[in-house]
Amino acid sequence: MMGECGTSIDGVLGGRLRLRQPLSGHRVGHDAILLAAATGARTGECALELGAGVGAAGLALAARVAGLRVVLVEIDQDLAALAAENARRNGFGDRVRAIACDAEDLTALAAAGIAPGSADRVLMNPPFRDATRTQVSPDARRRLAHAGDPGLLGRWVVVAHALLRAGGTLTVIWHANAEARLLDTLDAGFGAIALLRIHPRPGGPAIRVLARAVKGGDRSRAEHAPLVLNDAHGRPSAAAEAVLRGGSTLSLACL
């Protein structure tokens, strides 16, 4: 088990969430907060975060939506324990739980109480680097968070489809350079896809794409105005500050 000396407690969402996380390896960043902001859950629903790490995205979603039940699924037992601690630390212990489980193992998920067709929302930030084609980090946790084999995205989407009820939604944040691959993958079983691209600065290429898709939805696609993180002088944009620190949501409705 990871000791406290190997972790730090950091604030996100303008300090409204306090998260214990490892000092080395993958650290919570903008992606988790953007993913939560785009998920669009409602009070009384059940949301599942696959590959939750220390729970940043799922807990940010719980902070935004009162009465939402959240399950954080993380394969690393130490990180799952930190996610559970973070849920309690932020007062969500009654409606957020963390389980140490392989996100691809439907049998194990069912044994943990996550039955097929039981979720209203699934959100995920899968490792998007191809471990077979890029240099991976020597840090095991960072490597697991950032890189996977080429079929990982497809397998996670299949699991999300199985866990969602009919009409439930999957929200994914993915590398913008591989947007076409994401869309091709979502076409199997999902529709009514909405996209929002994330740009680091005005006029710069997108670095991330957020996609929301409906299980069994129609073949429509909608593209929303992009979110630009910084202005021309490198200062955080007002729109980004509103989401990352102010807790505003990102609309990804299919128009």
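Of the residues in the stretch 231-238, not one is among the hydroxyl-bearing types (Ser, Thr, Tyr), within 17 Å of the chain's Cα centre (by Cα), in a loop (DSSP other than H, G, I, E, B) and surrounded by 15 or more Cβ atoms within 10 Å (Cβ to Cβ). When Gly58 is tested against (1) closer than 24 Å to Leu227 by Cα; (2) crowded, with 22+ Cβ neighbours inside 10 Å; (3) touching a Gly at 6+ places or on another chain (Cβ under 8 Å), exactly one condition is not met: (3). Looking across the stretch 26-50, the residues that are surrounded by fewer than 22 Cβ atoms within 10 Å (Cβ to Cβ) and more than 15 Å from Leu250 (Cβ to Cβ) come down to His26, Arg27, Val28, Gly29, Arg42, Thr43, Gly44, Glu45, Cys46.
Would you mention how many residues in the stretch 22-54 are among the basic types (Lys, Arg) and in contact with a strand residue (DSSP E or B) (Cβ under 7 Å, 6 or more places away or on another chain)? Quick ask: steps written out before the conclusion?
The initial filter retains those residues of the stretch 22-54 that are among the basic types (Lys, Arg), namely 27, 42.
Okay, now just the ones that are also in contact with a strand residue (DSSP E or B) (Cβ under 7 Å, 6 or more places away or on another chain), so 27.
Within the stretch 22-54, residues that are among the basic types (Lys, Arg) and in contact with a strand residue (DSSP E or B) (Cβ under 7 Å, 6 or more places away or on another chain) number 1.
Given the condition part of a strand (DSSP E or B), surrounded by fewer than 19 Cβ atoms within 10 Å (Cβ to Cβ) and among the aliphatic types (A, V, I, L, M), answer yes or no: does some residue in the stretch 3-25 qualify? Yes, the stretch 3-25 contains a residue that is part of a strand (DSSP E or B), surrounded by fewer than 19 Cβ atoms within 10 Å (Cβ to Cβ) and among the aliphatic types (A, V, I, L, M).
The residue pairs whose first member lies in the stretch 76-95 and is of a type in the set (Phe, Trp, Tyr), whose second member is buried (at least 21 other Cβ atoms within 10 Å of the Cβ), and whose beta carbons are closer than 6 Å, counting only pairs six or more residues apart or on different chains, are Phe92/Ala62.
List pairs: first residue in the stretch 106-125 and of a type in the set (Lys, Arg), second residue assigned to a strand (DSSP E or B) anywhere in the structure, Cβ distance under 8 angstrom, at least six positions apart or on different chains. Filtered contacts from the stretch 106-125: Arg121/Cys46; Arg121/Ala47; Arg121/Leu48; Arg121/Leu164; Arg121/Gly168; Arg121/Thr169; Arg121/Leu170; Arg121/Thr171. The condition of being part of a strand (DSSP E or B) and under 23 Å from Gly14 (Cα atoms) holds for only one of Leu250, Leu195, Leu210, Leu170, that being Leu210.
Please specify each residue of the stretch 77-98 satisfying the condition of being buried (at least 21 other Cβ atoms within 10 Å of the Cβ) and of a type outside the set (S, T, N, Q).
Initially, the stretch 77-98 is screened for residues buried (at least 21 other Cβ atoms within 10 Å of the Cβ), giving 79-80, 82-83, 86-87, 96, 98.
Within the stretch 77-98, Leu79, Ala80, Leu82, Ala83, Ala87, Val96, Ala98 meet the criteria.
Residues that are closer than 16 Å to Leu152 by Cα and in a strand (DSSP E or B) within the stretch 173-192 comprise Ile173, Trp174, His175, listed in sequence order. The condition (being surrounded by fewer than 17 Cβ atoms within 10 Å (Cβ to Cβ) and among the hydrophobic types (A, V, I, L, M, F, W, C)) is satisfied by just one residue among Ala225, Ala206, Ala192, Ala211: Ala225. Among the candidates Arg20, Arg64, Arg42, the residue that is within 25 Å of Ala194 (Cα to Cα), touching a Ser or Thr at 6+ places or on another chain (Cβ under 8 Å) and among the basic types (Lys, Arg) is uniquely Arg64.
Any idea which of Gly216, Gly189 is in contact with a His (Cβ under 8 Å, 6 or more places away or on another chain) and either within 29 Å of Pro116 (Cβ to Cβ) or aromatic (Phe, Trp, Tyr) (or both)? Step through it out loud before you land on a result.
Working: Gly216 fails: in contact with a His (Cβ under 8 Å, 6 or more places away or on another chain).
It is Gly189.
If we keep just the residues of the stretch 128-158 that are at pLDDT 90 or above and touching a helix residue (DSSP H, G or I) at 6+ places or on another chain (Cβ under 6 Å), which is nearest to Ala62 (Cα to Cα)? My answer is Val157.
State all residues of the stretch 201-220 that are over 17 Å from Ala178 (Cα atoms) and either touching a residue at least 60 places away in the same chain (Cβ under 8 Å) or not hydroxyl-bearing (Ser, Thr, Tyr) (or both); if no residue qualifies, say none.
We begin by selecting, within the stretch 201-220, every residue over 17 Å from Ala178 (Cα atoms); these are 201-203, 214-220.
Scanning the stretch 201-220 gives Arg201, Pro202, Gly203, Val214, Lys215, Gly216, Gly217, Asp218, Arg219.
The values are calculated or read from the model by the stated rules, or taken from the named source; none is laboratory data. For clarity, every value in this text was computed on a predicted model and none was experimentally measured. Cβ: placed from backbone, ideal geometry, glycine included. Neighbour counts: every protein chain shown.
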